[in-house]
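Below: one structure, written as structure tokens.
The values are calculated or read from the model by the stated rules, or taken from the named source; none is laboratory data. What you see is a predicted model, and the numbers here were worked out from it, not measured in a lab. Neighbour counts are summed over all protein chains in view; Cβ atoms, including those assigned to glycine, are modelled from backbone coordinates with ideal geometry.
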Amino acid sequence: MRPFWRSKADDYTIIAGCGRLGANLANRLSEEGLGVIIIDLTADAFRKLSPSYSGLTLVGDATYINVLCEAGIERASAVVTVTNYDNTNILVAQIAKKMFGIEHVIARLYDPEREFVYRDFKIDTISPAVLSMKEIDKLMHPNEPSKEEVRQ
Ligand code: AMP
């Protein structure tokens, strides 16, 4: 499946945080032949990338503008920030959106109550807690429409 933000042949995605989620996403984009650069504080984190990963890696703090510039944020089509800190993800997402005008910015948010910060900045969020709740709800009530379906 082609990611929705992929539009031009020279576009690429910057991922902040090479944990399990960041590494999986980077591997998938790379498998699809898409441009990707992943940033992490430690080089050790890149061991999670698959041996066939063909994207770039960058050791650095993704909240630093010089690190994001080194990653080529001026030309990136998307920034996905999935470090293990909400504050870091908020900051990276705001820099990407406000300073560099990146259209597609997605941030992981452990604390769903902070979603309002992102909504104001038009940043898409994913929250493991909210996604898990939805899945648990579906498994517990397989024959009932989801709350989202009911609202529509
Ligand atoms: P996980 O919690 O397994 O998804 O891993 C999150 C990853 O984000 C770890 O590999 C951290 O080293 C990385 N990380 C945390 N803060 C930063 C940051 N400021 N810049 C880049 N990577 C970070």
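Look at segment 27-52 and say how many of its residues are of a type outside the set (V, I, T), within 15 Å of the ligand (Cβ to nearest atom) and touching a helix residue (DSSP H, G or I) at 6+ places or on another chain (Cβ under 6 Å).
Matching residues across segment 27-52 total 2.
Kindly indicate the residue of segment 18-40 that is farther than 19 Å from T125 by Cβ and under 11 Å from the mean Cα position of the chain (by Cα) and also surrounded by the fewest Cβ atoms within 10 Å (Cβ to Cβ) among those meeting that condition.
Filtering first and then ranking leaves A23.
Which residue pairs have Cβ atoms under 6 Å apart, sit 6 or more places apart or on different chains, and have a first residue in segment 102-125 that is within 19 Å of A78 (Cα to Cα) and a second that is away from the ligand (no atom under 16 Å from the Cβ) and among the β-branched types (V, I, T)?
V105/I123; A107/I123
Could you list, ordered by first residue, the pairs with Cβ atoms under 7 Å in which the first is in segment 22-39 and modelled with pLDDT of 95 or more and the second is aliphatic (A, V, I, L, M) and assigned to a helix (DSSP H, G or I), at least 6 apart or interchain?
What qualifies is V36/A26; V36/L29; I38/A26; I39/V67.
Kindly establish whether E74 is within 21 Å of D124 (Cα to Cα), more than 15 Å from the ligand (Cβ to nearest atom) and not β-branched (V, I, T).
In short, yes.
Among the residues of segment 1-21, which ones are part of a strand (DSSP E or B) and either modelled with pLDDT under 95 or not hydroxyl-bearing (S, T, Y) (or both)?
Those that are part of a strand (DSSP E or B) and either modelled with pLDDT under 95 or not hydroxyl-bearing (S, T, Y) (or both): Y12, I14, I15, A16.
Which residue, of T88, T83, T63, is within 12 Å of the ligand (Cβ to nearest atom), outside any helix (DSSP H, G or I) and touching a residue at least 40 places away in the same chain (Cβ under 8 Å)?
T83
R47 passes all but one of (1) of a type in the set (K, R); (2) surrounded by fewer than 14 Cβ atoms within 10 Å (Cβ to Cβ); (3) in contact (Cβ under 8 Å) with a residue 12 or more places away in the chain; which number fails?
(3)
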